[in-house]
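Everything below concerns the one structure shown next.
Each reported figure results from applying straightforward, stated rules to the coordinates on display, with no laboratory input. Just so it is clear, the model here is predicted, and its values are computed rather than measured. So basically every Cβ, Gly included, is an ideal-geometry build from the backbone, and we count neighbours across all protein chains shown.
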């Protein structure tokens, strides 16, 4: 009997006397892989030291934040007759269960050895994040609201095919009303305007702005509104800040649509931030991110020339758009940061308002310093809109300073840009904070590039901002006082949510 006949016989369904195909439900009765052979071919754990080693106190805090620990406490209390306390512990366990991220981060260093200038770096970043480099773009970097708000409004005014936006922050105020009027005007002209707003971040949109959008004919959808039956996903937010025009031009960065970004960061009321504009084929990546989340929120699948036109080359910059989502379990934004940090050879410059690295990342910073990399962190100082994030960040200064990392706190106002520059050869601008929320819980967007002119501009901006910072010393951190340390201890209980 030839092989083809054997194959046909193997795929022929057996029938019983009634002519009905035999059921496959009895497959579970067939022989299984022996237990002693089950993991025989599993690759051994690398000989390298794991990056996620934590201290005894760190392990204790981890257990205190674990949902299963509180459920166990609840069962014990119930058995001992302490019903009220048992219910309270059970409720806490229930909340922690829904707040705990499903994240599978890297715990070993890269096995390969290459720097950010190499082709290997480009292909590795593309491979591990699933986001390709796209040629034929131009990049424009804007500092503060006085620069990026007019540019964004001009782009919206120029729209001919569509205007789409996914936005974490769209607040009532002068900026919110001005953008609402611009969106409404384009909708009245017959251009589709679709706005996807995070139901938590944009909860203060206000009736006036909503009426402006409604009168113009804009479509507004809410990303994951809180309902009793959606608690399992309520902690996963859309932190992206993308405005896409005609599928050919896209803006992203740290800034939302709110009055706190007005001005030029000259006063405490004017937040310091950076936005980047991409023109060319790479803009379609941000459109893709919007369309996927629009589908999740509305069930409406968008397509066609209005949203995905043929886009010609607009320049010579290769751009990688990192679309990070908790849906995949290993946040692409966090992976991007880790790979870039390990490939640094001369320097790493990071500006970020919410900086709460875990033990893995702190180990990578220490390793970078040991191999001669100068690491400078520019972080939000006294002006910080999130008390919990501020306390958690300061609490980690000691480990970073002892590793040889430089910490500089921005003084004039709230620092809010999220940027990273490595070796003067690669940079990223986007929405992702350097914390667990951005790495494991939120939808994020970052633009990465090797474009020499744009990277040089980013380096110049960083050095200029550094002159407005105060460097933190190890001695100063150690003298911060018992009250400050107590606040850090309390804040550390929700470190995973920051």
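Before moving on, here are some points about what is shown:
- The modelled label-to-label distance between residue 470 and residue 484, using points 7 Å beyond Cα along the C-beta direction, is 0.9 nm.
- Spatial separation of Cα centroids for the range 442-458 and the range 171-249, in angstrom: 26 Å
- With contacts taken as Cα pairs under 8 Å at a separation of at least 6 residues, the range 56-99 carries a relative contact order of 42 percent.
- Value of D in µm² per second that Stokes-Einstein yields for the range 56-99, Kirkwood Rh from Cα pairs, at 25 °C (0.890 mPa s): 236 µm²/s
- Ordered by the number of other Cβ atoms lying within 10 Å of each residue's own Cβ, fewest first, 323, 415 fall into the sequence 323, 415.
- In plain terms, the chain from residue 50 to residue 94 could stretch by 12.8 nm, reckoned as 0.36 nm per residue minus the Cα-Cα distance.
- Residues of the range 261-285 with an amide N closer than 20 Å to a point placed 7 Å from the Cα of residue 312 along the Cα-to-Cβ direction: 278-285.
- Computed [θ] at 222 nm, deg cm²/dmol, the chain (DSSP H ≥ 4; -39,500 (n - 2.57); rounded to nearest 500): -11000 deg cm²/dmol
- For the chain, the antiparallel share of DSSP beta bridges with both residues in that region comes to about 65%.
- Here the simple spin-label model places points 7 Å from the Cα toward Cβ, and for residue 262 and residue 128 these points are separated by 4.3 nm.
- Across the chain, the mean sequence separation of Cα contacts (distance under 8 Å, 6 or more residues apart), normalised by length, yields a relative contact order of 16 percent.
- Spin-label model distance (nm) - residue 72 vs residue 60, 7 Å beyond Cα toward Cβ: 1.6 nm
- Kirkwood hydrodynamic radius computed over the range 338-475 comes to 15.0 Å, based on all pairs of distinct alpha carbons.
- Nearest-0.05 FRET efficiency for residue 33 and residue 456, computed from C-beta distance (R0 51 Å): 0.35
- Ranking of 279, 211 by count of other Cβ atoms within 10 Å, fewest first: 211, 279
- Rounded if a/c under 1.5, otherwise prolate or oblate - the range 299-418, Cα gyration tensor axes: prolate
- Working from Cα pairs under 8 Å separated by at least six residues, relative contact order for the range 202-348 is 18 percent.
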